[in-house]
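Visitor: Shown below is the structure under consideration.
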Protein chains: 2
Amino acid sequence: MKSSLSLCQRAANAASKYERYVPSCGVFPLGFKVGSIATGVKKNGQLDLGVILSTYEREGGATAAAVFTTNKFKAAPVVASKERLAKSEGRGISAIVVNSGCANAVTGAVGLENANKVVQLVEQQLGRKDTTLLMSTGVIGQHLSMDKIEHGLGTLLNNDDAFGNDFSSWLSLSKAMMTTDTFPKLISSRFTLPGGTTYTLTGISKGAGMICPNMATLLGFIGTDLPISPSALQNILSSAVDRSFNCISVDGDMSTNDTIYMLASGAIDTDLITESSESFPLIKAQVTELAQNLAQLVVRDGEGSTKFVTVHVKRALNFADAKVIAKTISNSSLVKCALYGQDANWGRILCAIGYAQLGDCASLDESTLNVSFVGVGDSKGAELNLVVDGVPNVNINESKAATMLADTDLKIVVDLGTGTEECNFWTCDLSHEYISINADYRS
Amino acid sequence: MKSSLSLCQRAANAASKYERYVPSCGVFPLGFKVGSIATGVKKNGQLDLGVILSTYEREGGATAAAVFTTNKFKAAPVVASKERLAKSEGRGISAIVVNSGCANAVTGAVGLENANKVVQLVEQQLGRKDTTLLMSTGVIGQHLSMDKIEHGLGTLLNNDDAFGNDFSSWLSLSKAMMTTDTFPKLISSRFTLPGGTTYTLTGISKGAGMICPNMATLLGFIGTDLPISPSALQNILSSAVDRSFNCISVDGDMSTNDTIYMLASGAIDTDLITESSESFPLIKAQVTELAQNLAQLVVRDGEGSTKFVTVHVKRALNFADAKVIAKTISNSSLVKCALYGQDANWGRILCAIGYAQLGDCASLDESTLNVSFVGVGDSKGAELNLVVDGVPNVNINESKAATMLADTDLKIVVDLGTGTEECNFWTCDLSHEYISINADYRS
């Protein structure tokens, strides 16, 4: 039996994760400035409010897209922003406000009034209407401390020096979104398209793997300086989220506040990107990869987890069934426990594949099914066949298995052999720490 | 942080569960005899093979019904029995063989040959064809030790003294099904129908709550002495399983071997029960209640669990949505952790309700939603309102909550206020022990 980690060890692990996953520099898209402040909502005095401003105003300014939670109980900021974004048809959004410490969820009519009040405050300051979107994360069932928010927001917006488009400003913004996260999540990349246009993608997210007390609120923002039509932007973001934030298994719970926004400032002087642009598929792939990297950080940020596992389902009949199989394996408590116990338990994986709710039964054929572990960390290149053409390998090389399973990173490859589609899902193990953290949250 | 239980404590807990949940007598339906033997498949020499014989042969003998796993990977005994039962059209089944220790799952063509060989052995002995069904549970990916099974089965079937229709024989049978179960599961009841006919229901099951190494195989058998038409029997069993064994949340994993059989010997001299019989709904309700009691024992038999929780969803628009909400709450890792931590965390319950995949969105209306804890153990009668008409109770009486949550038994009542249907689901908490047991299984 493994003993639980001490608080000291937890802090040490968190520190090393910070070193490993937080960059020390970055690249940032033209046409944005971001600022953050500590309003006092977080009792420890840390940053808890951030504002993203789109500063490029030609041709109607930035275009916007969003993916909101599908939870039927939507928090006030989600309700307010969804309506506003629909009304704007994805054009002219000039501000996104994010606050942490209070989720403004399950707060009824007063919560919605408060959300709209935050929007009004920003829009009065900016002198524009219907241009502001919101994200909130934190405790649910409590109202926003409007005095603190109003005061903090006023102070921030009236201080132009508090805004910037540099590494320090973006890192602070990503910190202002954090709740149970042990490190801020910031990723950026610069790309050159075939025609020679260079553009930038910067993404931030929050959400903390397995620990997520109360509920695993996932927030994210991706900014780019390309000019992209609203429908192309929504297409890109929806597809990217479907293959990234919707492909991580935390604990299967979906929060009232989950929100991912994307803004395209259009500050780069190039042709408008639409669904029919030649570079559209490439940009979509680049955004997807950035979103995947951001989403993986959420899985890695689990104090309760000891493993980072990629579940790769390949040669599937269709993407939907590849995804449902990857998700079912990733969410199986028994598979997660086996990973924690460093047990090459093919039976649990096979069982999970078998009860996945497939759209098309033809996706699964026992006789063409192969399952293996592939080393991606210290065991890179190593492969361990667990099931070959539907037949379990009962003589597993246990010492090889032990070495591979001792690594932090592992890949489970499920080759369905029924088609050409594939899906990656990212998960972690289920540990004693997860139970401790989630059982002891309120007390 | 809670420390893990020692082996000694676990053994003591198991002993007290045995005392609490295993009866010391019972009533048994006419027209059956059952026998058990230790074949040596279980290495500790315990009972691992049982045979249920239907001995009443008039009017074509017993009728049979079954509910099999929906896992796409079906174990050989499931494949063989499903085919045989379909061929029989539910008539003339005279034997059910159950073995534990080896699941004969993921064993390919050889596994199916072995399953059919077991059937042949029984049918040669009985001198009848196509009358035998199978159930297997235990390690998967391993072949049946046919020499042990053949020898044991031969010895058992040739010794009529090994068979009986008394408490001791049925208790032994329920023991012969056990794998990780800490106590045998046997329930029986006698009923008198309005017309004066007295009949008996006896049920056995296996499956062990949260611990279930490898996968949570669930086996069950219900016998009655009423004469029931095959289609009425299947109707009764399907409905009962849908409201019992399919309403327990263990870890969400569904095994390759799950099987519930029902046999009606017809040994009582009364009119054949069909779907149009006046007593049909009453019998259905009585079978459902017995099946629910059997299923609840599976939830209670979790070494890893400290709580037995009934999730009661009421005033729902339809049964399907009531069930999906109850199931989603019951399967939420965060809700289960909160229960283990004795935390009145309405937020996690609300969140789970919100992400339940409803068939009809009208099933859920925030303004009519009420959630409460109801005491069923030592706190019987106590009620704690968590959400009232969609508004969370932020001033929860913490000392009352603490008392109620300290009980082993608890009921979570979700009143949707959108209809008249209801569903009960039974679940347990997610504890350190669960992780220990499932992480350390193979090692």
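The values are calculated or read from the model by the stated rules, or taken from the named source; none is laboratory data. Values in this document were obtained by computation on a predicted structure and should not be read as measured data. No Cβ is skipped: glycine too gets one built from the backbone with ideal geometry, and neighbour counts run over all protein chains shown. With ligands, DNA and RNA removed, areas are computed over all heavy atoms of the protein, side chains included. Shrake-Rupley method; radii C 1.70, N 1.55, O 1.52, S 1.80 Å.
Visitor: Looking for whichever is touching a residue at least 60 places away in the same chain (Cβ under 8 Å), of a type outside the set (D, E, K, R) and closer than 26 Å to A:Tyr355 by Cα here; the options are B:Gly138, B:Gly152, B:Gly108, B:Gly61. Which one fits? Even if it seems obvious, please write down each step before you answer.
Guide: On the way: B:Gly152 fails: closer than 26 Å to A:Tyr355 by Cα; B:Gly108 fails: touching a residue at least 60 places away in the same chain (Cβ under 8 Å); B:Gly61 fails: closer than 26 Å to A:Tyr355 by Cα.
Testing whether each residue is touching a residue at least 60 places away in the same chain (Cβ under 8 Å), of a type outside the set (D, E, K, R) and closer than 26 Å to A:Tyr355 by Cα leaves just B:Gly138.
Listed here are the residues, each with its yes/no results for (1) part of a helix (DSSP H, G or I); (2) of a type outside the set (Val, Ile, Thr).
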position	(1), (2)
B:Glu278	no, yes
B:Thr288	yes, no
B:Thr306	no, no
B:Ala320	yes, yes
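Visitor: Residue by residue through segment A:316-349, note down the ones that are among the hydrophobic types (A, V, I, L, M, F, W, C), facing chain B (nearest Cβ under 9 Å) and either open to solvent by less than 10 Å² (accessible area, probe 1.4 Å) or closer than 18 Å to B:Tyr434 by Cα (or both). Steps first, answer last, please.
Guide: Narrowing segment A:316-349 to residues among the hydrophobic types (A, V, I, L, M, F, W, C): A:316-317, A:319-320, A:322, A:324-326, A:329, A:334-335, A:337-339, A:344, A:346, A:349.
Filter once more, keeping what is facing chain B (nearest Cβ under 9 Å): A:334-335, A:337-339, A:344, A:346.
If the condition is that a residue be among the hydrophobic types (A, V, I, L, M, F, W, C), facing chain B (nearest Cβ under 9 Å) and either open to solvent by less than 10 Å² (accessible area, probe 1.4 Å) or closer than 18 Å to B:Tyr434 by Cα (or both), then A:Leu334, A:Val335, A:Cys337, A:Ala338, A:Leu339, A:Ala344 are the ones that fit.
Visitor: Here's a follow-up. Just a yes or no: is a residue in segment B:374-397 in a helix (DSSP H, G or I) and without any contact (Cβ under 8 Å) to a residue 40 or more places away in the chain?
Guide: Step one: of segment B:374-397, the residues in a helix (DSSP H, G or I) are none.
Looking through segment B:374-397, none of the residues is in a helix (DSSP H, G or I) and without any contact (Cβ under 8 Å) to a residue 40 or more places away in the chain.
Visitor: May I pose another question? Only one of (1) in a loop (DSSP other than H, G, I, E, B); (2) more than 14 Å from chain A (Cβ to nearest Cβ); (3) surrounded by 15 or more Cβ atoms within 10 Å (Cβ to Cβ) fails for B:Met404. Which number is that?
Guide: Of the numbered conditions (1) in a loop (DSSP other than H, G, I, E, B); (2) more than 14 Å from chain A (Cβ to nearest Cβ); (3) surrounded by 15 or more Cβ atoms within 10 Å (Cβ to Cβ), the odd one out for B:Met404 is (1).
Visitor: Taking the condition more than 14 Å from every other protein chain (Cβ to nearest Cβ), modelled with pLDDT of 95 or more and either more than 29 Å from B:Ser249 (Cα to Cα) or surrounded by 22 or more Cβ atoms within 10 Å (Cβ to Cβ) (or both), does A:Ala295 pass?
Guide: Working: more than 14 Å from every other protein chain (Cβ to nearest Cβ): yes; modelled with pLDDT of 95 or more: no; either more than 29 Å from B:Ser249 (Cα to Cα) or surrounded by 22 or more Cβ atoms within 10 Å (Cβ to Cβ) (or both): yes.
The answer is no for A:Ala295.
Visitor: Regarding segment B:330-337, can at least one residue be identified that is out of contact with any Phe, Trp or Tyr (no Cβ under 6 Å at 6 or more places or on another chain), part of a helix (DSSP H, G or I) and under 22 Å from B:Met178 (Cα atoms)? Explain how you work it out, then say what you get.
Guide: Of segment B:330-337, the ones out of contact with any Phe, Trp or Tyr (no Cβ under 6 Å at 6 or more places or on another chain) are B:331-337.
Remaining after also requiring part of a helix (DSSP H, G or I): B:331, B:333-337.
Filter again for under 22 Å from B:Met178 (Cα atoms), leaving none.
No, segment B:330-337 contains no residue that is out of contact with any Phe, Trp or Tyr (no Cβ under 6 Å at 6 or more places or on another chain), part of a helix (DSSP H, G or I) and under 22 Å from B:Met178 (Cα atoms).
Visitor: Residues to consider are A:Ala109, A:Ala105; find the one that is of a type in the set (A, V, I, L, M) and in contact with a Ser or Thr (Cβ under 7 Å, 6 or more places away or on another chain).
Guide: Values: A:Ala109 fails: in contact with a Ser or Thr (Cβ under 7 Å, 6 or more places away or on another chain).
Of A:Ala109, A:Ala105, the one residue that is of a type in the set (A, V, I, L, M) and in contact with a Ser or Thr (Cβ under 7 Å, 6 or more places away or on another chain) is A:Ala105.
Visitor: Out of A:Gln142, A:Gln120, which single residue is open to solvent by 70 Å² or more (accessible area, probe 1.4 Å), in contact with a strand residue (DSSP E or B) (Cβ under 9 Å, 6 or more places away or on another chain) and within 14 Å of another protein chain (Cβ to nearest Cβ)?
Guide: Details: A:Gln120 fails: within 14 Å of another protein chain (Cβ to nearest Cβ).
When all the criteria are applied, what remains is A:Gln142.
Visitor: Out of A:Thr182, A:Thr217, report the one residue that is open to solvent by 10 Å² or more (accessible area, probe 1.4 Å), in contact with an Asp or Glu (Cβ under 8 Å, 6 or more places away or on another chain) and within 28 Å of B:Gly354 (Cα to Cα). Spell out how you get there, then give the answer.
Guide: On the way: A:Thr217 fails: open to solvent by 10 Å² or more (accessible area, probe 1.4 Å).
Just a single option satisfies the conditions, and that option is A:Thr182.
Visitor: Moving on to the next point. Any chance segment B:421-439 includes a residue that's in contact (Cβ under 8 Å) with a residue 40 or more places away in the chain, surrounded by fewer than 16 Cβ atoms within 10 Å (Cβ to Cβ) and not β-branched (Val, Ile, Thr)?
Guide: No, the conditions are met nowhere in segment B:421-439.
Visitor: Next up: Can B:Thr418 be described as more than 19 Å from B:Thr310 (Cα to Cα) and outside any helix (DSSP H, G or I)?
Guide: Working: more than 19 Å from B:Thr310 (Cα to Cα): yes; outside any helix (DSSP H, G or I): yes.
Yes, satisfied.
Yes/no per residue for (1) outside any loop (DSSP other than H, G, I, E, B); (2) at pLDDT 95 or above; (3) within 14 Å of chain B (Cβ to nearest Cβ):
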site	(1), (2), (3)
A:Lys2	no, no, yes
A:Gln9	yes, no, yes
A:Ala15	yes, no, no
A:Arg20	yes, no, no
A:Gly26	no, yes, no
A:Leu30	no, yes, no
A:Ser36	yes, yes, no
A:Thr39	no, yes, no
A:Asn44	no, no, no
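Visitor: Could you list all residues from segment A:350-373 that are open to solvent by 10 Å² or more (accessible area, probe 1.4 Å) and free of Cβ contacts under 8 Å to residues at least 40 places away in the same chain?
Guide: Answer for segment A:350-373, where residues must be open to solvent by 10 Å² or more (accessible area, probe 1.4 Å) and free of Cβ contacts under 8 Å to residues at least 40 places away in the same chain: A:Tyr355, A:Gln357, A:Leu358, A:Cys361, A:Glu366, A:Ser367.
Visitor: Okay, moving on. Where residues in segment B:16-46 are aliphatic (A, V, I, L, M) and open to solvent by less than 50 Å² (accessible area, probe 1.4 Å), which of them is farthest from B:Met146 (Cα to Cα)? Break it down stepwise before answering.
Guide: Residues of segment B:16-46 that are aliphatic (A, V, I, L, M), as a first pass: B:22, B:27, B:30, B:34, B:37-38, B:41.
The next check asks that each one be open to solvent by less than 50 Å² (accessible area, probe 1.4 Å); those that pass are B:22, B:27, B:34, B:37-38, B:41.
Details: B:Val22: 32, B:Val27: 34, B:Val34: 21, B:Ile37: 15, B:Ala38: 14, B:Val41: 10 Å.
My answer is B:Val27.
Visitor: Can you tell which of A:Asp301, A:Asp258 is touching a Lys or Arg at 6+ places or on another chain (Cβ under 9 Å) and touching a residue at least 24 places away in the same chain (Cβ under 8 Å)?
Guide: Details: A:Asp258 fails: touching a Lys or Arg at 6+ places or on another chain (Cβ under 9 Å).
From the options A:Asp301, A:Asp258, the qualifying one is A:Asp301.
Visitor: Continuing with the same structure: Of all residues being more than 14 Å from chain A (Cβ to nearest Cβ) and out of contact with any helix residue (DSSP H, G or I) (no Cβ under 8 Å at 6 or more places or on another chain) in segment B:127-139, which is surrounded by the fewest Cβ atoms within 10 Å (Cβ to Cβ)? Just the residue, please.
Guide: Top of the filtered list is B:Gly127.
Visitor: Scan (1) part of a strand (DSSP E or B); (2) within 28 Å of B:Glu59 (Cβ to Cβ); (3) not basic (Lys, Arg) for the single condition B:Leu186 breaks and write down its number.
Guide: The failed condition is (2).
Visitor: Now a separate question. Being in contact with a strand residue (DSSP E or B) (Cβ under 8 Å, 6 or more places away or on another chain), over 20 Å from A:Phe319 (Cα atoms), surrounded by fewer than 23 Cβ atoms within 10 Å (Cβ to Cβ) and away from chain B (no Cβ under 14 Å) is the requirement here; does A:Asp389 meet it? Walk me through how you get there before you give the answer.
Guide: On the way: in contact with a strand residue (DSSP E or B) (Cβ under 8 Å, 6 or more places away or on another chain): yes; over 20 Å from A:Phe319 (Cα atoms): yes; surrounded by fewer than 23 Cβ atoms within 10 Å (Cβ to Cβ): yes; away from chain B (no Cβ under 14 Å): no.
When the stated conditions are applied, A:Asp389 does not pass them.
Visitor: Additional query: For residues that are among the acidic types (Asp, Glu) and in a helix (DSSP H, G or I), scanning just segment A:55-90, find the one that is modelled with the lowest pLDDT. Outline the logic, then answer.
Guide: We begin by selecting, within segment A:55-90, every residue among the acidic types (Asp, Glu); these are A:57, A:59, A:83, A:89.
Add one more test, that the residue is in a helix (DSSP H, G or I), and what stays is A:59, A:83.
Details: A:Glu59: 76, A:Glu83: 96.
The extreme case among them is A:Glu59.
Visitor: Next up: Take the residues of segment A:220-244 that are open to solvent by 10 Å² or more (accessible area, probe 1.4 Å) and either under 14 Å from the mean Cα position of the chain (by Cα) or modelled with pLDDT under 90 (or both): which is nearest to the other protein chains (Cβ to nearest Cβ)? Even if it seems obvious, please write down each step before you answer.
Guide: Applying the first criterion (open to solvent by 10 Å² or more (accessible area, probe 1.4 Å)) to segment A:220-244 yields A:227, A:229-231, A:234-235, A:238-239, A:242-243.
Restricting the remaining residues to those that are either under 14 Å from the mean Cα position of the chain (by Cα) or modelled with pLDDT under 90 (or both) gives A:238-239, A:242-243.
Details: A:Ser238: 19, A:Ser239: 22, A:Asp242: 17, A:Arg243: 20 Å.
The extreme case among them is A:Asp242.
Visitor: Would you mind telling me which numbered condition in (1) touching a Leu at 6+ places or on another chain (Cβ under 7 Å); (2) assigned to a helix (DSSP H, G or I) A:Leu173 fails?
Guide: (1)
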